[in-house]
Amino acid sequence: MRQRTGDLKFMQELNRSIIFNTIREQGPISRSDIAKKNKISPTTVTTAVNEFIQAGLVYEVGTGQSTGGRKPILIQFNPDGRFLLCLSITNTTIQIAELNLQATIRYKKNIHLHSLTGEAFIHFVCDSLEHFLKRFPDLKQCVGVSITVPGIIDSEKGIIKYNSKLQLENIPLRKIVEEKFHLNTFIENDVNAMALAEKYYGNSTHSSNLIFLSINEGLGAGILIKGLLFRGYHGGAGELGHTSINPNGPQCECGNFGCLENYVNWSSIDSRVQKLLESGYTSCISDLLHQEQTQLTPQIFTLAVQQEDSLALKIMNETCSYLSIGIVNLVHLFNPQTIIIGGMIAKENPYLIHHIKETINKRSMNILTEGLEILPSSFKEDAELKGGAAVLLQDLFQFSINRLLDSIKYDE
């Protein structure tokens, strides 16, 4: 008969995880209350708490109410006892930040990519991280690095499978970073990460079936089902931008024709605005561009929408109509509880949210829109960095059954 020799280690790790998360979520709390709430022995709790204190993850904050004996000492989570690093990569910029264990940003830096692609891009990312790390005399307190990247990502293996704009294919970025900097590293698709940020740090902590849409240089969807990311077979789930809405439309860089992304991303909006302005269409956008002495930006376009400029509203309505086609399909495919819309043109744009809500309610099955929330992103800025933190902290704080099961050995 086989006997499992990993059971003791399994239970020890499980108990430690339960104890730590109880402190993190319910602290300040006494050791005895931790034991009672979780039906774990006081000795086990005391041993684990002492380890956490020594590691700087928790600390004693005073005393609680006495129930007849000595007043119990209360334990509190220490989010500043460790820190993490996040790199948010877009197709044009890199953001690097230091955050604490509650995803609070302590310091960040924005870096322009200067149109770098391929191998040169990877070298630039590593050089940028190396320069950022010079701020830290000691990295012993760093729990790891989280990197978010647009494109198809194999998060389990830490590989950028495909990003056409950055000309990246099968790049083992996690291995590269870990070997160079000796820091635990996580890689995730940027929109998946932002979906996690909304779930853990945003206004949708109540929602277990959530879809986050990001409208930027492309269009992507991060999908949470029962609180877990749905990544698909190759990490390519959520490529909403590459679903076709017009088989006779222009060819996309992905090879398909009439992809939704090419009708709703910022490049498309900018192009349509410029064509109307060049044709003599009157718009406050011309005045805004003259005042700022700059090119058209999403912020200027959104300001024109807020001012109910006829040209801006025309383009906005067209964009919402195209976007609604994709969102209706998502509603019918996944029946989500919450849809969150973020990105360049969604920021400070209640008109877009209102228009999308109206259209979805008209075009979707009534039973599937009952109770459906359609919301703007919780984060005006730094959604990508919050997402990167959510990826790493989810792994740090949550007990991984699969990881522990893999460590269990069997004796004959």
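The values are calculated or read from the model by the stated rules, or taken from the named source; none is laboratory data. Worth saying up front: this structure is predicted, and the values here are computed from it rather than measured. When we count neighbours, we look across all protein chains shown, and the Cβ atoms used for this are built from the backbone with ideal geometry, even at glycine.
List of remarks:
- Filter result for Leu260 (aliphatic (A, V, I, L, M) and closer than 18 Å to Tyr162 by Cβ): no
- Residue among Phe186, Phe230 that is farther than 19 Å from Met344 by Cβ, crowded, with 20+ Cβ neighbours inside 10 Å and aromatic (Phe, Trp, Tyr): Phe186
- Pairs linking a residue in region 80-97 that is of a type in the set (D, E, K, R) to a residue that is surrounded by 17 or more Cβ atoms within 10 Å (Cβ to Cβ) and assigned to a strand (DSSP E or B), with Cβ atoms under 9 Å and 6 or more positions apart or on different chains, are Arg82/Cys142; Arg82/Val143.
- Count - residues of region 285-294 that are surrounded by fewer than 19 Cβ atoms within 10 Å (Cβ to Cβ) and either closer than 23 Å to Tyr351 by Cα or touching a Ser or Thr at 6+ places or on another chain (Cβ under 7 Å) (or both): 3
- Just one of the numbered conditions (1) free of Cβ contacts under 8 Å to residues at least 60 places away in the same chain; (2) closer than 30 Å to Glu384 by Cβ is not true of Thr47: (2).
- Residues in region 102-130 that are out of contact with any strand residue (DSSP E or B) (no Cβ under 7 Å at 6 or more places or on another chain) and closer than 24 Å to Asp80 by Cβ: Gln102, Ala103, Thr104.
- The test for being over 27 Å from Asp287 (Cβ atoms) and among the aromatic types (Phe, Trp, Tyr) does not hold for Tyr351.
- All of (1) at pLDDT 95 or above; (2) surrounded by 21 or more Cβ atoms within 10 Å (Cβ to Cβ); (3) in contact with a Leu (Cβ under 8 Å, 6 or more places away or on another chain); (4) closer than 24 Å to Phe230 by Cβ hold for Ala103 with one exception: (1).
- Region 347-385 - residue that is exposed (fewer than 15 other Cβ atoms within 10 Å of the Cβ) and under 16 Å from Ser204 (Cβ atoms) and, of those, modelled with the highest pLDDT: Gly371
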